[in-house]
Amino acid sequence: MAADPDGLERLWAPYRMAYVRGEETLHDDRCPFCVMAGGGRQSELVVHRGEHSFVTMNLYPYNPGHLMVLPNRHESDFTALSAAESVELTELTQQAIRVIRRVSSPHGFNVGLNLGGVAGGSLSQHLHQHVVPRWGGDANFMTVVGHTKTLPQVIEDTARMLAEAWTADIEERG
């Protein structure tokens, strides 16, 4: 790959503009998921709100449509969830799979929890279950050789499409 004249590679990162403009609070020690659950920063990425849990886009998705299902309550331990939280987390995960299938027809899914920092949880203080749509060939030469993930859609557009499909799924299931 030919480098630009200054020798730097460029990576498109539109979410940095909020930081550049000073719109994003630096050194905010609050849990970003709790802020989102409370309707604060990045709550526009929330696809659905339940009584005990919510579904949101992953800000740094592995693939288009990468969702996370989280309890509203700040909790890191899966075994500490109440029965109602556990049931709703599972039901919303199932619905997330149905909705993603409706919107983008993936070939499969990765679904799971990373419990604790050593398990890969970068924000392990607040439990979150990943729902990642997968397609044959989605880890192509760009990912393997170029160490670059190509995402063909802006996260807010994906969130809007999934939220609309979520509403349709609720209406169909009664």
Next item on the list: Report the calculated FRET efficiency for Asn110 and Ser86 (r = Cβ-Cβ distance, R0 = 25 Å), to the nearest 0.05.
Entry: 0.75
Checklist line | Cα→Cβ-extended label distance, 7 Å offset, between Val154 and Gln94, nm | finding: 3.6 nm
Next item on the list: With a Förster radius of 22 Å, plug the Cβ-Cβ distance of Ile170 and Ser43 into 1/(1 + (r/R0)^6) and report the FRET value to the nearest 0.05.
Entry: 0.65
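Read-outs throughout are calculated quantities, based only on the coordinates presented, and are distinct from any laboratory measurement. What you see is a predicted model; the values in this text were computed from it and never measured. Every residue, glycine among them, receives a Cβ derived from its backbone with ideal geometry; neighbour counts consider all protein chains shown.
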